[in-house]
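Step one of this worksheet: look at the structure below.
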Amino acid sequence: MLSIQSIGGQLNRFFIEIGELSYFAGRYFKEAVRPPFEYKELLRQCYSMGNRSLLLVAITGFIIGLVLTLQTRPTLLEFGAVSWIPSMVGISIVREIGPMITALVCAGRIGSGIGAELGSMRVTEQIDAMEVSGTNPFKYLVVTRILATTLMIPLLVIVGDAIALYGSFLVENLKGNVSFTLYFNQVFDALEFGDIVPATIKSFFFGFAIGLVGCFKGYYCKKGTAGVGKAANSAVVFTSLLLFIIDFIAVFVADIFYEL
């Protein structure tokens, strides 16, 4: 049974880590605008994160579209509202399900990879060697990775949304003989500018959070192989929690603008 003292100690460590993460983020913004810029490493990281995550995001999005349509179709069929499936699925995926699921998948795939990679470099003293040789390891290793995730996650979200909608269309085509043109006309008629923009904006914040936490956990990894595993694991857990918090804030802010 947890005592008040142990709970207080855990809260103290949590707030200390939040402060260190905030300092880490401030250092990123300072280093990101200061030349020289590592364009080649940035492009390499974008290719690595985007291309290697594409298949996983595509499969996940396709299954989401299939499952969401298969689960909602019987209920809407009882009320004679099957024609609303394209509109409902389109809004659900574009607004919330697509960005959130894609970000969680990428947190597991990219966030853990960054944490393990930088953690291994810290343990094997490669980062220390870069500092001794006069290279700025923070700019080369951290800035490029955070910027790459910030740029690539929105693109992966768009791909995931498109494939999820296509998976939903396949179910409707098989069950209700709905044509491709009719299905996507209903989807785009239901979507508004206010649905797409907030989802796109929060995707950039999702990407930034994934890169920031992954780099933070790996860059300050404790010594030893156990520290590398802990860095990768805690990067996924902490990022997932942060994604839900960002999503709540984004929905709350968007709701205020809808009321205006």
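Note on Cα Rg over 2.2 N^0.38 Å: of the candidates [x] 0.97; [y] 1.29; [z] 1.17, the value calculated from this structure sits at [z].
Sites count as exposed loop sites when they are chymotrypsin sites (Phe, Trp or Tyr not before Pro), lie in a DSSP loop, and have at most 16 other Cβ atoms within 10 angstrom; the longest stretch of the chain without one is 80-219.
What is the dipole size for segment 4-259, taken about its Cα centre, with +1 at each Lys and Arg Cβ and -1 at each Asp and Glu Cβ, in debye to the nearest 20? If you can, show how the numbers build up before the last one.
Numbers: 19 positive and 19 negative charges, 179 e Å.
Using only the charged Cβ atoms, the result is roughly 860 debye.
For the chain, the longest principal axis of the alpha carbon atoms and the long axis of helix 193-219 meet at an angle near 30°.
Pairs spanning more than 19 Å between alpha-carbon atoms, out of 30/139; 40/139; 202/230: 202/230.
Between the helical axis of 225-259 and the longest alpha-carbon principal axis of the chain there is an angle of about 50 degrees.
Cross-link reach is defined here as a Cα-Cα straight distance under 17 Å, omitting same-chain residues fewer than 8 places apart; for residue 223 none of the lysines meet it.
Here's the picture: charge each Lys and Arg Cβ at +1 and each Asp and Glu Cβ at -1 in the chain, and of 138, 4, 123 the one pushed furthest to the positive end of that dipole is 123. Kindly express, to the nearest 10 degrees and within the range 0 to 90, the angle between helix 4-32's C-alpha long axis and the longest C-alpha principal axis of the chain. In the chain, helix 4-32 runs at an angle near 90 degrees to the longest axis.
Averaging sequence separations of C-alpha pairs under 8 Å and six or more residues apart, then dividing by the length of the chain, give the relative contact order as a whole percent. Each step should come with its number before you reach the end.
Numbers: 309 pairs, mean separation 81.0, N = 260.
Worked out over the chain, it gives 31 percent.
Bear in mind that the values in this text are calculations on the coordinates, not laboratory data. The shown structure was predicted, so the numbers you read here are calculated from the model rather than taken from an experiment. With ideal geometry, Cβ positions are generated from the backbone for all residues, glycine too; neighbour counts draw on all protein chains shown.
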